[in-house]
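Contents: one structure, followed by commentary.
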Amino acid sequence: MKKYISIDIGGTAIKYGVIQEDAEIVLKKSMPTEAWKGGPSILEKVVNIVRELLEVTEHQISGICISTAGMVDTIKGSIFYAAPLIPNYAGTEFKKVLEETFHIPCEVENDVNCAGLAEYKNGAAKGSKVAVMLTIGTGIGGCILLNGEVFHGFSNSACEVGYMHMEESDFQTLGAASILTKKVAKWKNEPEEEWNGYHIFEEAKKGDALCLQAIDEMVEVLGKGISNICYVLNPEVVVLGGGIMAQEAFLKAKIENAVKTYLVSSIEEHTKIRFAENQNDAGMLGAFYHFCGRHVKE
């Protein structure tokens with residue numbers, strides 16, 4: 001059975017391992033991204049990861065699959081734009097460097113697009129004709145799936161919804177999970193390090209008024225943003241991912257009600273709000289599916 005190296009590069013951690021051709025993850029590890037060290041450092045880490053996995057894998061590796069933050073030229077397998085979180089990341093040529101170093105095919109895709117592919121292949125968007133994937137984390141990322149294919153747009157920049165203008169700001173500045181943490185810490189006059197999404201939701205469940213208010217404000221922003229996206233794309237399903245969306249039981253009804261407030265009934269009635277099923281494996285799995293989609297089976 002063929003095996004593939006899959007690497008998911010996030011702002012905090014790089015998750016990596018080996019996936020079989022049946023999409024089973026047979027080895028999984030992680031390391032800190034150390035994003036502040038910049039693109040060259042991440043490229044070096046990735047090269048070392050591939051070298052490490054080639055040494056421990058008994059069978060020949062058939063491909064290298066990469067999911068990464070930033071805007072990706074999927075033909076060249078390189079980064080052409082990245083937020084300041086990762087300095088000097090634009091211009092990083094993963095495909096060129098890895099193929100020249102290891103003589104193994106490599107494909108690269110944006111991390112949210114990979115998450116969307118994973119949800120379409122085996123998750124909350126399975127079988128849908130038109131789907132939108134949103135990841136709510138440090139920022140807000142988006143992916144459009146048309147009959148299971150990622151819609152990249154004219155210049156590989158489709159569905160960068162985090163930059164969508166909203167109330168003299170933008171979608172991700174108002175609605176990202178990171179903003180929730182900053183807001184609660186500020187309101188309570190406490191260090192940000194003492195708060196994270198999990199802590200906020202635990203306190204909200206106990207009735208903490210400030211935590212509940214912060215969550216409600218975030219949900220309101222998400223409702224508006226999701227509705228605006230639906231007016232343009234009319235998706236069958238909107239899948240919500242990111243660590244904070246593990247709070248499905250607490251958030252689902254709130255988000256559905258917020259969307260219902262801003263979306264006309266004729267569209268809202270035909271739009272499903274679902275929560276991602278692949279969680280931390282989404283990037284690795286999606287990178288694998290992207291690779292398979294670009295290589296015809298032998």
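Odds and ends about this structure:
- Cut-off 13 Å between beta-carbons: net charge of the residues surrounding A177, Lys and Arg +1, Asp and Glu -1: 0
- Nearest-ten-degree value, helix 111-122 long axis tilted from longest Cα axis of the chain: 90 degrees
- Considering only the chain, percent of DSSP beta bridges that pair antiparallel, nearest 5: 60 percent
- DSSP bridge pairs, the range 124-276: antiparallel proportion in percent, nearest 5: 55 percent
- Plainly put, the range 198-245 has a radius of gyration that is 1.09 times its Kirkwood radius, both from alpha-carbon atoms, as the Rg/Rh ratio.
- Total formal charge among the other residues, if their Cβ is under 12 angstrom from that of G39, Lys/Arg +1 and Asp/Glu -1: -1
- Charged-residue dipole, Cβ positions (Lys, Arg, Asp, Glu), the chain about Cα centre, Debye nearest 20: 260 debye
- As a ratio to 2.2 N^0.38 Å, the alpha-carbon radius of gyration for the range 124-276 is 1.04.
- Given charges at Cβ of Lys, Arg, Asp, Glu: the range 124-276 dipole, positive-most of T173, L212, F275: F275
- Restricted to Cα atoms, the chain shows a radius of gyration and a Dmax of 19.3, 60 angstrom.
- The packing ranking of peptides 184-197, 252-265, 270-283, 83-96, highest mean first, is 270-283, 83-96, 252-265, 184-197, where packing means the average number of other beta carbon atoms within 10 angstrom of each residue.
- Comparing Cα centroids, the range 1-73 and the range 245-298 end up 24 angstrom apart.
- Selected from I42, M71, L53, residue furthest toward positive end of dipole (the range 1-111; charges at beta carbon): I42
- Whole-Hz ³J(HN,Hα) from phi, Karplus 6.51 cos²θ - 1.76 cosθ + 1.60, for the range 232-238, glycine and proline x: 7, 9, 6, x, 6, 9, 10
- The slack between E34 and E192, meaning 0.36 nm per residue of separation minus the straight C-alpha distance, is 54.9 nm.
- Basic side chains Lys and Arg get +1 at the Cβ, acidic Asp and Glu get -1 at the Cβ, and with that the dipole of the range 88-151 about its Cα centre reaches some 280 debye.
- In the chain, the calculated helix contribution to ellipticity at 222 nm averages -13000 deg cm²/dmol per residue, counting -39,500 (n - 2.57) for every DSSP H run with n ≥ 4.
- 12 Å beta-carbon shell around F94, net charge (K/R +1, D/E -1): -3
Computed from the coordinates by the stated procedures, all read-outs in this text should not be read as laboratory data. Everything numeric in this text was worked out from a predicted model, so none of it was measured. Cβ: placed from backbone, ideal geometry, glycine included. Neighbour counts: every protein chain shown.
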